[in-house]
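Q: One structure, pasted below without further comment.
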Amino acid sequence: VTLPLKKGEITPQVVAEVELSDRFLKEFNIALPQGSVSGRGLGRLTLALGKEDRKAFSLSSNLKGVGLSVPQIGWSFPQAQSGTFEINGELSSPPKIESVSLSAEGLSAKGQIRLTEAGELDRVNLTALKVGNWLESSVLLTGRGAGKAPAVAVTGGWIDLRKTSFGGESGSNNGKAEGGGPITLSLDKLIVSEGITLTNFAGRFETAKGFDGVFQARVNGKAPVRGQVLPQNGRTGFRITSDDAGAVFAAAGLLKKASGGELDLTMRPARQAGIYDGALRVKNIRLREAPAMAALLSAVSVVGLLEQLDGQGIPFMEVDADFHLSPTTATVLRSSAVGASIGLSMDGTYDLKSGVMNMQGVVSPLYLLNGIGSILTRKGEGLLGFNYRLEGQAANPKVFVNPLSIFTPGMFREIFRRPPPKVTQ
């Protein structure tokens, strides 16, 4: 016990070392998921014993010897490292925790904790939370009673999906408690890939058996979309739909003046964080003022379709694409666009950052008649068609057409083109 002087009066203090461990949590009835804390460290506790009932305390530690783990966000802190932990409050009934802060490798947080009259968790208000280089926001944890994981509300800020495996499986604490609690997200932005961001993102999710729920957002602040999130192999997959595919493509910077169309996009997580295998389906869309399409139609001298492209647009009844999306590159494994007046196939790569494309495929005019022979070739290709390549900037691509390929029936067309791109994990 120390007796420092303060304004001429004696203010007794208790200064002690306390153990920080899983046993400490159980002793003080602090309910964290099993495995959250491992090892053993020391903290410095200072307790002021003034004349009033108020007994202020502070507890600080360098966390040496303490291991921390939050698998739901892919974060862990090894026992050998050191960090900074500090908590300040008042010993009352229940205790009041006025401030808490944690700074460790890959995570920093500041906020307040409030307990119920029974001493259980009421809420944790983290006014500033940063995890690695993929999350920065404020978070509110609300207690749901003994044995239940708290509800989580993430408000403002951003999440970058390119740099995280956010949404893994939740534990069940050996059957003694539920899995993870419900999560509400209200983000300024959710970054999907280079140039594609979902803004005004709002959704509600369950985590008892993995990350599962629905959301609404806008693509780059413009076109509205609806979505569903599903757990897949310990990761998170997405399904995005829209009643205006053209507006979504324009907002993503892919097509400037496409209009209409029903969009259905699924993205399945690949083995590496931030990488997805995707499938795109669009029905009844019109394509207008597309530089790559205009250059291609000009190269094969389809004058009527060029005029249509500059007018009301070329209608496509069905668009299908299978692709691989990394943070910087979209690799089109196979795709087709089918309309009464034209059919297209395409595969290749598109750099999301620079806008450079390297594509190849077949363009088949008069597809309504020509497409009768498509059973002998790929979808989107007629019995007769021109092999083409598109290279360079998507806004002004270079077009290469093989005029002799028109005389080659679809079944022999492969000799005029390179193999489609392959994806390596």
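Q: Among the residues in the stretch 323-330, are any in contact with a strand residue (DSSP E or B) (Cβ under 6 Å, 6 or more places away or on another chain), more than 23 Å from Arg268 (Cβ to Cβ) and in a strand (DSSP E or B)?
A: no
Q: Need pairs with beta-carbon distance below 8 Å; first residue of a type in the set (Phe, Trp, Tyr) and within the stretch 379-391, second at pLDDT 80 or above and open to solvent by 60 Å² or more (accessible area, probe 1.4 Å); sequence gap 6+ or separate chains.
A: That search, which allows pairs on different chains as well, returns Tyr388/Phe400.
Q: When you look at Ala128, is it surrounded by fewer than 16 Cβ atoms within 10 Å (Cβ to Cβ), of a type in the set (A, V, I, L, M, F, W, C), modelled with pLDDT of 85 or more and within 30 Å of Gly221 (Cβ to Cβ), yes or no?
A: yes
Q: Could you please find all residues in the stretch 14-35 being at pLDDT 80 or above and either aliphatic (A, V, I, L, M) or in contact with a Leu (Cβ under 7 Å, 6 or more places away or on another chain) (or both)?
A: Val14, Val15, Ala16, Glu17, Val18, Glu19, Leu20
Q: Looking at the stretch 86-105, which of its residues are buried (at least 18 other Cβ atoms within 10 Å of the Cβ) and under 31 Å from the mean Cα position of the chain (by Cα)?
A: Scanning the stretch 86-105 gives Val100, Leu102, Ala104.
Q: When you go through Ala273, Ala295 one by one, which is the residue that is under 20 Å from Gln393 (Cα atoms), modelled with pLDDT under 90 and of a type outside the set (Lys, Arg)?
A: Of Ala273, Ala295, the one residue that is under 20 Å from Gln393 (Cα atoms), modelled with pLDDT under 90 and of a type outside the set (Lys, Arg) is Ala295.
Q: I'm checking my understanding of the structure. Among residues of the stretch 347-358 that are hydrophobic (A, V, I, L, M, F, W, C) and in contact (Cβ under 8 Å) with a residue 40 or more places away in the chain, which one is surrounded by the fewest Cβ atoms within 10 Å (Cβ to Cβ)?
A: This residue is Leu352.
Q: Name, by its number, the condition in (1) crowded, with 17+ Cβ neighbours inside 10 Å; (2) outside any loop (DSSP other than H, G, I, E, B) that does not hold for Leu63.
A: All conditions are met except number (2).
Q: Kindly check whether there is at least one residue in the stretch 216-231 that is under 25 Å from Ser354 (Cβ atoms), of a type in the set (Gly, Ala, Ser), open to solvent by less than 10 Å² (accessible area, probe 1.4 Å) and touching a strand residue (DSSP E or B) at 6+ places or on another chain (Cβ under 8 Å).
A: Looking for residues that are under 25 Å from Ser354 (Cβ atoms), of a type in the set (Gly, Ala, Ser), open to solvent by less than 10 Å² (accessible area, probe 1.4 Å) and touching a strand residue (DSSP E or B) at 6+ places or on another chain (Cβ under 8 Å), one finds at least one in the stretch 216-231, hence yes.
The values are calculated or read from the model by the stated rules, or taken from the named source; none is laboratory data. Because the structure is predicted, anything quoted here is derived from the model rather than measured. In this analysis, Cβ positions are derived from the backbone assuming ideal geometry, glycine residues included, and neighbour counts consider all displayed protein chains. Just the protein is used for accessible areas: all its heavy atoms, side chains included, with ligands, DNA and RNA removed. Shrake-Rupley method; radii C 1.70, N 1.55, O 1.52, S 1.80 Å.
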